[in-house]
Amino acid sequence: MAIGALMLDLEGVDLTPEERELLQHPEVGGVIFFTRNYQSAAQMTDLCRAVRAAAGKNRELLLAVDHEGGRVQRFRPEFTRLPPVAQLGRQYDTDPEAALDTAFRTGWLMAAEVRAAGIDFSFAPVLDLDYGHSSVIGDRAFHHSPEGVVKLAGAYIRGMHQAGMAATGKHFPGHGWVSADSHLAIPRDGRSRADIARDLVPFRELVQQGLLDAIMPAHVIYQQVDSQPAGFSRIWIEDILRAELGFEGVIFSDDLNMEGASFAGSYAERAEAALAAGCDMALLCNNRAGAIEVLDRAGLERPAAARQRVERMRGQPFMNRSALLAQEYWQQAATRISQLA
């Protein structure tokens with residue numbers, strides 16, 4: 001059975017009866033985990049198994065997390081503390097070769113520990129440029145220069161791929177310029193398309209290199225290009241990302257519970273608008289009533305190509321946690337990266 005169109009979240013460290021029922025809905029295609037879902041590595045592994053079992057034998061779910069490092073690291077006890085990727089950018093300015101090696105190891109370490117728990121992928125890496133005035137992006141960005149982001153993110157993604165994890169670049173076409181936080185507001189970027197071209201460089205280059213498996217558009221309105229946020233814009237998704245950049249991978253909406261998505265109306269309308277604009281899967285987090293509204297009322301039809309694309313986000317076979325921790329490469333990487341953090 002095809003993977004459903006909606007990714008939602010869970011309330012705690014165990015499944016509730018309501019969640020077991022929701023996971024059987026044919027349009028539930030995935031679960032995203034947060035810190036509230038985590039107690040220990042063993043508990044998370046058990047929760048992943050329980051989620052997959054609850055969905056039923058003939059259905060597949062994508063299990064995901066935001067596990068970038070720094071401020072955005074959902075699992076901490078028993079997981080290696082990861083640095084914000086801006087730390088890699090600072091190293092790149094003084095020793096590029098060492099920084100690229102560190103970026104590869106960081107991407108591998110992040111992905112290996114997440115995959116060993118049974119989660120398919122982390123929504124990473126951030127490809128936004130650090131312009132110095134976006135608090136929500138800030139040290140989540142590798143570098144202020146497009147070239148630095150391309151080099152560092154490319155190495156990081158190669159590390160992820162080595163650990164069997166697909167990479168999701170965010171937030172297309174670039175969230176770093178605006179100061180407003182799209183969790184709390186609807187940011188507006190008044191730059192021309194020519195000026196935004198600088199932000200597009202990491203996406204364009206990494207697509208051309210065949211490294212990006214998925215992309216997440218920003219809940220930002222780029223006023224001189226379209227009146228709708230990028231995640232609801234066929235101009236950005238179909239005309240620019242698909243046709244101009246030649247991207248053939250998965251497109252995830254950003255969280256439809258964010259204020260930046262309120263532009264599109266009710267939760268059902270937000271999900272319909274995101275899919276109609278060209279997203280392959282919609283995310284709705286931290287709002288159970290909203291998720292139920294989407295499942296009950298939204299038309300979540302997608303073309304066959306979209307249903308086929310999301311299959312590619314499944315994690316590749318990987319070792320369990322005990323085997324991972326016994327690896328000399330993991331031990332070296334964990335020591336080195338935790339010292340950097």
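Taking the stretch 19-36 as the range and being in contact with a Gly (Cβ under 9 Å, 6 or more places away or on another chain), within 20 Å of Arg115 (Cα to Cα) and crowded, with 22+ Cβ neighbours inside 10 Å as the test, the residues that pass are Gly29, Gly30.
Residues satisfying the criterion are present in the stretch 246-260 (criterion: part of a helix (DSSP H, G or I), at pLDDT below 95, of a type outside the set (Asp, Glu) and in contact with a Ser or Thr (Cβ under 8 Å, 6 or more places away or on another chain)). In contact (Cβ under 8 Å) with a residue 24 or more places away in the chain, of a type in the set (Asp, Glu) and under 20 Å from Gly107 (Cβ atoms) - does that describe any residue in the stretch 24-31? No - not one qualifying residue is present in the stretch 24-31. The residue of the stretch 185-210 that is modelled with the lowest pLDDT, among those that are buried (at least 20 other Cβ atoms within 10 Å of the Cβ) and not in a helix (DSSP H, G or I), is Pro187.
Going by the conditions given, is Asp239 in a strand (DSSP E or B) and of a type in the set (Asp, Glu)? Here the answer is no, as Asp239 does not meet what is asked. Would you check which residues across the stretch 37-54 are within 25 Å of Glu68 (Cα to Cα), buried (at least 17 other Cβ atoms within 10 Å of the Cβ) and of a type in the set (Gly, Ala, Ser) and list them? Within the stretch 37-54, Ala41 is the sole residue that qualifies. Being crowded, with 22+ Cβ neighbours inside 10 Å, hydrophobic (A, V, I, L, M, F, W, C) and in contact (Cβ under 8 Å) with a residue 24 or more places away in the chain is a condition met by no residue of the stretch 315-329.
The set of residues in the stretch 272-306 being crowded, with 18+ Cβ neighbours inside 10 Å and of a type in the set (Lys, Arg) consists of Arg302 alone.
The condition of being closer than 14 Å to Val149 by Cα and either in contact with a strand residue (DSSP E or B) (Cβ under 8 Å, 6 or more places away or on another chain) or among the acidic types (Asp, Glu) (or both) holds for only one of Leu212, Leu241, that being Leu212. Scanning the stretch 161-184 for residues that are touching a Phe, Trp or Tyr at 6+ places or on another chain (Cβ under 7 Å) and either assigned to a helix (DSSP H, G or I) or closer than 13 Å to Pro125 by Cα (or both) yields Gln162, Met165, Ala166, Thr168, Gly169, Lys170, Phe172.
Here are some conditions: (1) of a type in the set (A, V, I, L, M, F, W, C); (2) under 19 Å from Tyr131 (Cβ atoms); (3) touching a Lys or Arg at 6+ places or on another chain (Cβ under 6 Å). Val178 meets all but one. Which one does it not meet? All conditions are met except number (3).
Quick check, is Asn320 closer than 25 Å to Gly12 by Cβ, of a type in the set (S, T, N, Q) and modelled with pLDDT of 95 or more? Criteria met by Asn320.
The number of residues in the stretch 184-224 that are under 20 Å from the mean Cα position of the chain (by Cα), farther than 11 Å from Gly174 by Cα and acidic (Asp, Glu) comes to 2.
On the stretch given as the stretch 125-152, residues that are of a type in the set (D, E, K, R) and either over 16 Å from the mean Cα position of the chain (by Cα) or surrounded by fewer than 24 Cβ atoms within 10 Å (Cβ to Cβ) (or both) total 4.
Of all residues in the stretch 213-236, those satisfying the criterion of being not in a loop (DSSP other than H, G, I, E, B) and not hydroxyl-bearing (Ser, Thr, Tyr) are Ala214, Ile215, Met216, Pro217, Ile221, Pro229, Ala230, Gly231, Phe232, Arg234, Ile235, Trp236. Within the stretch 277-292, the set of residues being touching a residue at least 24 places away in the same chain (Cβ under 8 Å) and not in a loop (DSSP other than H, G, I, E, B) comprises Ala277, Met281, Ala282, Leu283, Arg288, Gly290, Ala291, Ile292.
Could you go through the stretch 100-113 and let me know if any residue there is under 21 Å from His171 (Cβ atoms), touching a residue at least 60 places away in the same chain (Cβ under 8 Å) and surrounded by fewer than 24 Cβ atoms within 10 Å (Cβ to Cβ). No, the stretch 100-113 has no match at all.
Tallying residues that are hydrophobic (A, V, I, L, M, F, W, C), surrounded by fewer than 19 Cβ atoms within 10 Å (Cβ to Cβ) and either touching a strand residue (DSSP E or B) at 6+ places or on another chain (Cβ under 8 Å) or more than 14 Å from Arg49 (Cα to Cα) (or both) within the stretch 1-18 yields 2.
The values are calculated or read from the model by the stated rules, or taken from the named source; none is laboratory data. All values reported here derive from a predicted model rather than from experimental measurement. Every residue, glycine among them, receives a Cβ derived from its backbone with ideal geometry; neighbour counts consider all protein chains shown.
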